[in-house]
Each structure stands twice: as C-alpha cells, then as structure tokens.
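**Student:** One structure, pasted below without further comment.
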C-alpha cells in the first residue's frame with residue numbers, strides 16, 4: 001500500500017512539472033490564447049500500477065519533448081504547402097499507423113484555459129483503440145491503454161519533426177489531454193461527430209479512437225468546411241445509452257441541476273483509472289455507421305408522415 005502511494009505521488013509530481021512546462025508556451029511570441037468561454041483542463045491524479053510507471057514516464061518525456069523542441073522550429077518558416085507534399089505527409093502518417101487525418105482552424109474557444117498554441121492551423125490525427133480492449137476487462141487493460149498513448153505521442157512528435165525538416169514550424173499536442181479539447185477539434189476537422197459522451201464518433205473507428213494534433217505555420221491546409229457527419233447529433237439525441245450506462249453518472253442531460261448536457265470529467269472513472277463502458281455500450285461500437293444512418297433516415301421518414 002505504501003509503495004503504491006509513493007509511485008502514484010511520484011508520477012503525479014512528474015506530470016505536475018510537465019503541466020507547468022506546457023503553461024510556459026504562453027510566454028512564446030504571438031501565441032493564440034484561450035477565450036473567456038474556453039473549458040478548464042481536467043488534470044487527473046491517476047492510480048498508477050507499478051508495471052505501468054515506465055510507460056507513464058515515457059509519456060511524460062514525449063510531452064517534455066514537444067515543448068522543449070519548439071526551439072527547433074525554423075526561424076523563417078514556410079507558410080504555403082503543395083498538394084504533393086500533403087499527399088507525401090499523409091502517406092507517411094498512414095504508414096506509421098495513423099488512421100484518420102483532418103484539417104481545421106482552431107477557434108480560441110477550444111483552447112484550454114491557461115494554455116496557448118503557436119498557430120491556428122491544425123492537423124488532427126486519430127488512432128484506433130482495439131475493440132477487444134474496449135469490450136472486455138482484463139489485467140493488462142490499463143497497461144495497454146497507456147502503451148497506446150505512449151506510441152501515439154511518439155508518432156505525433158515524429159510527424160512534427162518531419163514538418164520541421166521540410167521547413168515548416170510545428171507544435172505537437174499529444175494524445176494525453178493536450179492543449180485543446182480534442183473531440184470538438186476533430187469534429188471541426190470533419191473526421192466525425194462528438195457524441196453525448198464527449199467521444200468522437202467516426203465512420204471508420206466509431207467511438208474507439210485516441211486523438212492528437214499538430215499546430216503548424218502552414219496557412220493553406222486542405223480544410224473541408226462541410227461535415228457530413230452532423231446527422232449523428234439527431235441519433236445521439238434520440239439514444240442516450242451512454243448516459244444510462246455510465247457507472248458514475250459522468251454524462252448528463254440538461255436539467256435544473258445542469259445548465260447544459262455534457263461530460264463531467266471529475267466523475268469519470270476512465271479519467272483517473274480505466275473504464276470503457278461508454279465506448280462499449282455506444283450503438284456505433286456495435287453496429288456499422290452506415291446501418292445506423294440508414295435506420296435514422298427511415299425513422300425520420302416514418303415520423304414525417306404523421
């Protein structure tokens with residue numbers, strides 16, 4: 001018990017230092033800061049298993065690198081990219097196991113309070129969480145989840161280095177929380193839609209993905225202004241299964257007690273330990289995207305007749 005408390009305190013001490021390092025980005029020149037409407041970032045004190053401590057420390061090094069390496073940005077960065085380079089960049093990212101890539105401009109409302117980013121131009125990435133890991137509980141579940149965070153963080157840093165080598169400035173935002181609220185950013189990039197559970201839902205990976213981003217000097221990213229996944233909002237409004245199945249009532253509907261429906265990270269077991277119930281029970285985890293879209297459209301046709 002004493003050893004467990006010591007390792008948890010040490011891990012949380014390290015991550016507190018890293019959070020302070022992230023805040024130091026605010027001191028860079030011409031940064032984009034959060035707005036008055038921006039959300040607070042929830043910093044969890046995780047329960048740490050001894051076997052996961054090396055992975056947690058590696059995750060910490062990833063975060064340290066993406067802040068300390070900002071000095072490696074070119075003094076006069078390129079701001080315009082060719083279509084051929086975008087194709088090469090995407091091919092490189094996909095070869096590393098990245099599943100989804102989207103582009104958007106970051107609205108200040110999406111930046112966490114007390115955080116700042118160097119550029120409003122964002123490249124957003126998704127990486128799959130294995131379905132078995134979502135649907136089952138097993139001894140290695142937390143270790144596997146942290147390993148995915150670690151590997152994805154390393155790949156995001158590698159992609160930043162790739163951009164810098166080609167003359168562009170870049171700032172990594174790691175999959176472990178980062179500088180912005182990811183589901184909304186990924187929705188803005190057209191990758192999917194944010195459900196009531198605050199999970200991004202995409203056609204390819206459904207609710208089973210982690211998200212990271214890169215903020216870059218590239219001004220002409222191929223941004224798609226139209227999001228074809230907005231129909232999911234109607235589906236989620238008629239569903240609410242994540243609300244009913246959350247063991248700690250961390251997902252709420254609008255009521256007299258809560259002014260808006262949403263996600264409460266302070267109550268979420270998955271934010272401090274490991275829990276995937278909202279992913280597991282989401283209909284998009286059980287059925288194909290196209291099937292659920294077709295079913296919603298049929299129901300809407302029937303309802304419109306009466």
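**Student:** Reported to two decimal places, what Rg/Rh ratio describes segment 152-306 when computed on Cα atoms with Rh from the Kirkwood expression?
**Tutor:** 1.02
**Student:** Here's another thing I want to ask about it. Quote the relative contact order of the chain in percent (integer), defining contacts as alpha-carbon pairs under 8 Å separated by 6+ residues.
**Tutor:** It comes to 20 percent, rounded to a whole number.
**Student:** Turning to a different aspect of this structure: If you count the DSSP beta bridges with both ends in the chain, what percent of them are antiparallel, to the nearest 5?
**Tutor:** Of the beta bridges lying entirely in the chain, close to 95 percent run antiparallel.
**Student:** Given a cut-off of 26 Å, what percent of all Cα-Cα pairs of segment 2-216 lie beyond it?
**Tutor:** Counting pairs separated by more than 26 Å, the tail of P(r) holds 34 percent.
**Student:** What order do you get for 100-112, 81-93, 231-243, 205-217 when each peptide is scored by the mean count of other beta carbon atoms within 10 Å, highest first?
**Tutor:** 205-217, 100-112, 231-243, 81-93
**Student:** As a test of the formula, what do you get for the chain when each DSSP H run with n ≥ 4 contributes -39,500 (n - 2.57) and the sum is divided by the residue count, at 222 nm and rounded to the nearest 500 deg cm²/dmol?
**Tutor:** Per the formula, -12500 deg cm²/dmol.
**Student:** Further question on the same structure: Sorted by average packing, counted as other Cβ atoms within 10 angstrom per residue and highest first, what order do 52-65, 190-203 take?
**Tutor:** Order by mean packing, descending: 190-203, 52-65.
**Student:** Determine the principal axes of the Cα atoms in segment 25-108, then give the extent along each, sorted from largest to smallest and rounded to whole angstroms.
**Tutor:** 47, 38, 26
**Student:** A further question on this structure: Suppose each label sits 7 Å from its Cα in the direction of the beta carbon; what would the residue 43-residue 228 distance come out to in nanometres?
**Tutor:** Rounded to a tenth, the inter-label distance reads 4.2 nm.
Each reported figure results from applying straightforward, stated rules to the coordinates on display, with no laboratory input. Quick caveat: nothing in here was measured; it's all calculated off a predicted structure. Cβ atoms come from the backbone with ideal geometry, glycine included; neighbour counts cover every protein chain shown.
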